[in-house]
1. Of all residues in segment 319-357 being outside any helix (DSSP H, G or I) and among the basic types (Lys, Arg), which is most open to solvent (accessible area, probe 1.4 Å)?
2. Check every one of the strands (runs of 3 or more DSSP E) wholly within segment 447-539 and list those with 3 or more residues that are among the basic types (Lys, Arg) and open to solvent by 40 Å² or more (accessible area, probe 1.4 Å).
3. Would you confirm whether or not segment 305-316 contains a residue that is within 20 Å of the chain's Cα centre (by Cα) and under 25 Å from Gly562 (Cα atoms)?
4. For segment 358-377, what are the residues that are part of a strand (DSSP E or B) and within 29 Å of the chain's Cα centre (by Cα)?
5. Kindly evaluate Ala130 against the criterion of being crowded, with 18+ Cβ neighbours inside 10 Å, modelled with pLDDT of 85 or more and closer than 20 Å to Val492 by Cβ.
6. Could you give every pair whose Cβ atoms fall below 9 Å, whose first residue belongs to segment 111-126 and is under 12 Å from Pro93 (Cα atoms) and in contact (Cβ under 8 Å) with a residue 60 or more places away in the chain, and whose second residue is assigned to a loop (DSSP other than H, G, I, E, B) and open to solvent by less than 50 Å² (accessible area, probe 1.4 Å), counting only separations of at least 6 or pairs across chains?
7. Test Ala395 against the criterion of being more than 31 Å from the chain's Cα centre (by Cα) and buried (at least 21 other Cβ atoms within 10 Å of the Cβ), and give yes or no.
8. Which of the residues belonging to segment 82-108 are in contact with a strand residue (DSSP E or B) (Cβ under 6 Å, 6 or more places away or on another chain) and either buried (at least 19 other Cβ atoms within 10 Å of the Cβ) or aliphatic (A, V, I, L, M) (or both)?
Amino acid sequence: MLKGNQGQLASLLLEDGVVSQELLDRALVRQAETERPLGRILLEEGFVKEADMVRVLARSAGYEFIDLEDYNVDPAAASMISDTLAKRYLIMPVAWDGNRLVVAMSDPSDLLAVDDLRAVTGCELKVVVATSTGLQMAINNYYRHDQLVEDISAEASRDFSADGMEAAVDAIEDAPLVKLLNLMISQAVADRASDIHIEPTQKEVRVRYRIDGVLYEMKPLQKNIQNGVTSRIKIMSDMDISEHRLPQDGRMTIDVGGRIVDLRVVTIPTSFGEKVVMRILDHSKALYKLSDLGFEEDQLRRYEAAYRRSHGTILVTGPTGSGKTTTLYATLNNINEDTKNIVTVEDPVEYRIPGINQVQANFKTGLTFPVALKAMLRADPDIILVGEIRDRDTAKIAVEAALTGHLVLSTIHTNDAVSTPLRLTEMGVDPFLVSSAVTSIVAQRLCRRLCDRCRTPYTLSPGQSPAADALGLFPEGYQDPIEIFKAEGCQVCARTGFQGRFALYEVLTISEEIGQMIVEGEHTEAVRKVAKAQGMQSIQESGMHKVRLGITSVDEVLRAIG
């Protein structure tokens with residue numbers, strides 16, 4: 001970033017109205033306490049936007065500022081340098097000004113970068129200033145590996161025609177295959193993908209990335225490198241490379257641009273060969289705060305009252321991929337203290353949390369959830385996390401553990417919070433045990449967040465949109481139009497209109513009245529009616545609230561809640 005002395009920076013920001021005197025004074029007090037740069041404090045405290053600060057500093061230094069988050073980069077200019085050079089100096093050619101190459105930099109005083117760029121391109125340069133964030137976004141967008149993946153796939157295809165065990169042996173040493181997989185994984189990480197799907201078809205190998213819960217098609221691979229790619233992945237994941245008829249799972253760790261990334265790998269036999277799915281494990285998810293996940297204020301208060309208790313069972317429910325594990329890990333982070341013994345049994349252990357004893361279930365050796373749970377109860381636990389309640393034995397032990405003074409957290413597959421007690425009784429747990437042991441049930445769905453940069457406001461009136469009416473956006477008798485937002489698409493969000501996800505929640509507190517209804521076997525709808533009267537907000541109502549706040553769209557909430 002452009003540099004300026006502290007006094008000059010403060011004066012420039014005040015003159016341009018970028019920061020108020022009150023906020024500046026608060027930042028100066030913080031600076032005196034910490035001796036950190038004023039600019040960094042202003043940014044970290046949210047007193048100033050990075051683009052506003054850089055714009056002011058650029059003008060004072062005599063440079064033009066461009067906002068790369070809303071700028072059409074000329075691909076011909078960007079192609080003048082490699083992605084390696086762009087990332088090394090955080091520098092990017094963005095346009096032509098006559099015969100001069102317009103180059104965006106965060107620090108135009110970096111003469112070494114300017115000299116290297118001039119030597120590589122052979123062009124006269126016009127330097128403009130952009131934010132570091134904008135440059136990183138633009139570099140990720142314009143130096144994608146798609147074409148390179150296609151080229152390497154073609155190169156490997158020319159030299160690689162092995163099959164079966166021969167393919168497995170060749171894959172160990174085959175340089176193009178190694179480079180190909182590294183590029184695919186690094187591009188998936190740059191695109192914020194959660195999963196990579198490699199799917200054999202009759203004529204080619206389909207590649208898709210799951211980004212914010214939706215699968216997007218990438219460049220396909222040549223068909224004749226299919227076995228080599230699969231064998232290479234198996235070798236990296238410690239799988240049996242000779243087994244093609246049965247599903248397998250494994251794990252690998254690789255370095256992506258200095259960032260260590262774990263991948264959970266699954267292979268599945270299909271009619272055209274083995275499909276591979278690689279789940280990218282984002283370790284930052286293990287450090288989430290509950291307040292960042294999407295809970296409404298009242299929901300979070302109800303949930304906190306449950307997990308702060310010394311005993312009881314808390315169940316998180318929802319379909320596969322709805323973020324249940326993330327919610328449980330965030331809960332553990334809130335209650336992880338040196339005074340507590342926390343033990344988990346998971347299948348698999350996705351994220352490793354310091355200070356917590358995590359056990360990997362192993363069904364081949366007999367280390368099932370019930371077996372592990374029984375052992376844990378003899379190991380003086382305070383808090384137990386069970387990855388999933390799948391059967392009667394696990395359910396009974398978890399409930400009994402809660403009744404004997406332990407706090408138990410787990411997941412279960414049901415459609416909503418209210419139907420979960422019935423599911424437990426169907427598993428064979430006595431209703432009176434369910435009502436006594438279960439303290440809170442949280443249902444959730446993941447919903448995509450509208451891109452702040454390009455979301456588009458529009459006015460909607462009652463009866464104008466069947467989707468909004470189906471969601472219940474307008475209360476009965478409400479006639480006034482409201483302003484909400486829809487997805488548009490821009491460079492920042494890769495034209496999807498969305499960036500990131502959050503959860504829609506439903507938090508059911510098992511009150512004395514609801515507990516009695518569970519014992520008496522009352523119908524689910526009767527329980528729901530009482531729960532809503534006691535303040536439970538449904539997933540749908542949470543979605544409506546997020547739509548009104550402009551966080552997401554009507555169509556996205558309907559997609560999320562099904």
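The values are calculated or read from the model by the stated rules, or taken from the named source; none is laboratory data. Computed from a prediction, not measured in an experiment: that's the story for all the values here. When we count neighbours, we look across all protein chains shown, and the Cβ atoms used for this are built from the backbone with ideal geometry, even at glycine. Keep in mind that these areas ignore ligands, DNA and RNA; they rest on the heavy atoms of the full protein, side chains included. Shrake-Rupley method; radii C 1.70, N 1.55, O 1.52, S 1.80 Å.
1. Looking at residues that are outside any helix (DSSP H, G or I) and among the basic types (Lys, Arg), I get Arg352.
2. Values: elements: 456-460, 482-486, 498-509.
By residue number, no strands (runs of 3 or more DSSP E) qualify.
3. There is at least one residue in segment 305-316 that is within 20 Å of the chain's Cα centre (by Cα) and under 25 Å from Gly562 (Cα atoms).
4. Answer for segment 358-377, where residues must be part of a strand (DSSP E or B) and within 29 Å of the chain's Cα centre (by Cα): Gln358, Val359, Gln360, Asn362.
5. Working: crowded, with 18+ Cβ neighbours inside 10 Å: yes; modelled with pLDDT of 85 or more: yes; closer than 20 Å to Val492 by Cβ: yes.
Against the criterion (crowded, with 18+ Cβ neighbours inside 10 Å, modelled with pLDDT of 85 or more and closer than 20 Å to Val492 by Cβ), Ala130 qualifies.
6. none
7. The answer is no for Ala395.
8. Residues of segment 82-108 in contact with a strand residue (DSSP E or B) (Cβ under 6 Å, 6 or more places away or on another chain): 86, 91-95, 97, 100-105, 108.
If the condition is that a residue be in contact with a strand residue (DSSP E or B) (Cβ under 6 Å, 6 or more places away or on another chain) and either buried (at least 19 other Cβ atoms within 10 Å of the Cβ) or aliphatic (A, V, I, L, M) (or both), then Ala86, Ile91, Met92, Pro93, Val94, Ala95, Leu101, Val102, Val103, Ala104, Met105, Pro108 are the ones that fit.
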